[in-house]
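Written below as structure tokens is the structure these notes are about.
The values are calculated or read from the model by the stated rules, or taken from the named source; none is laboratory data. Note that the coordinates shown come from a computational prediction; the quantities given were computed from them, not determined experimentally. Backbone-built Cβ (ideal geometry, glycine too); neighbour counts: all protein chains shown.
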Amino acid sequence: MKKALKFWVMLAGLAVAQSFGKLQVKVVRGDTGAPLTGVKVMLTDRGGHLKTVEVTTGAGGEVLFPSLEPGEYILELRHPEFGGESSVVQIVADKPTVFQTSFEPGGGDSTFSVRDTRLLIDTKNPTEGSVTKRDRDFLDRQLTERSLQGILTTVPGMQRNSMGQTHVRGEHKSVAFSLDGVAVPIPQASTTSQPIDTEFLQSISVRTGAQDGSQGGQTGMVLDAQTPDDVDPFFSATTRVGNLGQVENVLKAGGRNEEGDFSFFMGGKLSQTNLQFEAPEPNQQTLYNRGNSQSFMMRMTGRTDMDTLSGTVSYQKNNYQLPQTQQNYDAGVRQDQVDENAMGMVSWKRKVDENADLLMAVSYLKSTQRVRSNGVFTPWVGFDPNISAELADSGLPADPTNPGSPYIPLTDLVIEQVQPSMVYNERYGDRNYMSVGMNANFIRSAQNVNLLDPGGGGGLPGGDVAFATNLERRGLTAAVYFNHTFPLNDQFTVNYGLRAETFENGINVKTGQISPLVNVAWAPNDRNVVRLSYNRSFQAPPLELDVSGQTVVLPQRLSTYELSYETQLSDTLTAKAALVRKDYKDQVDIGLLILNSNVPLYAPVNFATARYQGLELSVNTHNPIGWNGFLAATLSEARPLTPGAFATVVSDYNDHDQRLQATGGLSYLWDNGLSVAVDGFYGSGFPQPAIPQYQAVGISPYGITVERTPRWLANFNLQYRPEDDVSAGLQVLNVFDSRPLLNFYSAFSGTRFVQQRRVLLNASIRF
């Protein structure tokens, strides 16, 4: 009763605090015992989150980490002349931990010793089976495409569609975003922007399943992004230039005071290109598809022995042209879109007692999208003049040079989201901890859509104005949850929880769900673990995409079953396999409002029932120097089973169903700072739905059939860092200029081809 009273008093707003530990690292020369300066120190927790970046020992050979949460960490130290080592350290609350080691001269970067077993996997965590971790070293050294979509493509279970959006395990987008441990809203609309540019991230963890009670809302995957923190003062500048008019300029700065109780990080980026998106026809890729973007972020953190207060602001703006078919372009179509995201977040963490803490946070996101067009739209291209009569009988333009009646979309969309959250954590011993929390998302969506049809013959009623709406909607999602993890014995660890959620769209839907979950880990030893999980989840549809204001689009409900096995094969090599099945009720998807068109107006879709099943495999290496690599493969099937709201027909498979996808990469880092990497991608192809009119007359534009089109890509990355503060490199995406079809007049994304070869030269300096 006493503890329960204490908890509810704290939820009412009583000031409380968080318990931290300290780590002091000391490095000396093995031959003289003198302090060794210039040793790089990297600290990683068992969740794979990088706690510091490029901190070096000073004149005393020491580094101090003043505010660390209790637990086990991997400590890596490297020196270009004396070698390096890895060790496991234990951080205890309210008690300093001292780690001292000696380096022998002449070791160089090629000498790297492991003092203790490197804890590359967490065998005692039941919810870690579907987590993939990517740090800054992976992004800079191994990965050629550093966009968020490029990072996610390296994760098992991911499918990347033709518009650059990422689908996870059969779901359309469905992304939850956590920044430095705090949930922040993510744009719900089909936008190219995200809450924060990956350029400013230090590491990212991607969770695709086996969730605990704290995770809800967008349930497909949870992105846990970390920004640099506790860094030595620095300023860096990077520039990248390439073909297709590519230019990127990036500035970053960060630092901390001597006491370690204040730190900051900030960055800005400007970029432009002559090929923002691929045109919907092959070999017509520079008609009207330029783009430019600006992004900025800043984070500040203050600490005491009792408190951590953090604030983050971020802004992104993308301006880009939308390419059309050759027919539409010749007819004068010019279409432009602007996407903006402004995000702010404040979090406060304080101590309750030695084993408990409370985190309170609030985040805000304003997303805007503006589309303007001045021309003619028609989905029908590539007609054979000999079949004009058949086309006319089908209600299609008989003359391919006459695109028919124009559809001119004018759209303005503003979405504001306010997301408060609070969680109370309490620890009862090793592997035994509980959390209780709440979160909500208040959403305001204001949308103005006008679809003009001046010719009056385009198949839409209304004459000059075929369709118009001015819709403002306020919606709410809210949840409370309970989560408990505890050991049954030395080998079995159980996580169970309960999440109660509610959703209302402000017009015609008000519903909710109580979702149970259970995750079990069996670890026969420290290097092997089998995990079994069942998750019931609930996901609200995007409010802003219902342009009618009356369509009843229901929340998605699903049950997820997962069996996985993870093993640490050596001190540098891990492997994982997972079997997944997801059963959907009212599956949420997003499709074009005007089916098979290039008009970028989207509408929500419900499939009454759907199913996803897949087998996922991954292998990752973790070498500080020398060889490194990764492999991720997915064999899967995603298909709707019965129709639902706005989806009156059901195709055999979801448009992002791809049976086999594999990505992999290999890199090598020499002692002199030179690294070379290659990575590749293979996809067996997305389904190409047959358009009835084309089927009836036997048309095959561009020689395309409605069958899946396999594709493979290869990328190359060469980087040279002779000193810590200077680097240069070369990146080539799609080395062999492979141009296969992605989608052919999909109702979800139109016709798209793989982007052509891109080359980038980069140079960076750091002070």
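Here is a yes/no grid of residues against (1) at pLDDT below 85; (2) farther than 24 Å from Gln731 by Cα:
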{"position": "Pro187", "(1), (2)": "yes, yes"}
{"position": "Ser193", "(1), (2)": "yes, no"}
{"position": "Ala210", "(1), (2)": "yes, yes"}
{"position": "Phe234", "(1), (2)": "no, yes"}
{"position": "Glu278", "(1), (2)": "yes, no"}
{"position": "Leu287", "(1), (2)": "yes, yes"}
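For the stretch 252-268, check the following and say yes or no: at least one residue is of a type in the set (Gly, Ala, Ser) and closer than 26 Å to Gln556 by Cβ. No, there is no match, as no residue in the stretch 252-268 is of a type in the set (Gly, Ala, Ser) and closer than 26 Å to Gln556 by Cβ.
Does the stretch 530-547 contain at least one residue that is among the acidic types (Asp, Glu) and at pLDDT 90 or above? No; the residues of the stretch 530-547 include none that is among the acidic types (Asp, Glu) and at pLDDT 90 or above. Taking the stated definitions as given, is Arg46 surrounded by 15 or more Cβ atoms within 10 Å (Cβ to Cβ), among the charged types (D, E, K, R), at pLDDT below 80 and over 22 Å from Asp261 (Cβ atoms)? Here the answer is yes, as Arg46 does meet what is asked. Summed over the stretch 705-727, residues that are modelled with pLDDT under 80 and either surrounded by 18 or more Cβ atoms within 10 Å (Cβ to Cβ) or part of a helix (DSSP H, G or I) (or both) total 1. Filtered by the rule that a residue be modelled with pLDDT of 80 or more, more than 28 Å from the chain's Cα centre (by Cα) and of a type outside the set (A, V, I, L, M, F, W, C), the stretch 62-80 gives Glu62, Arg78, His79. Checking each residue of the stretch 162-169 against the condition of being at pLDDT 80 or above, farther than 30 Å from Gly267 by Cα and either touching a Phe, Trp or Tyr at 6+ places or on another chain (Cβ under 9 Å) or assigned by TED's automatic domain parsing to the domain that holds Gln369 (or both) gives at least one match.
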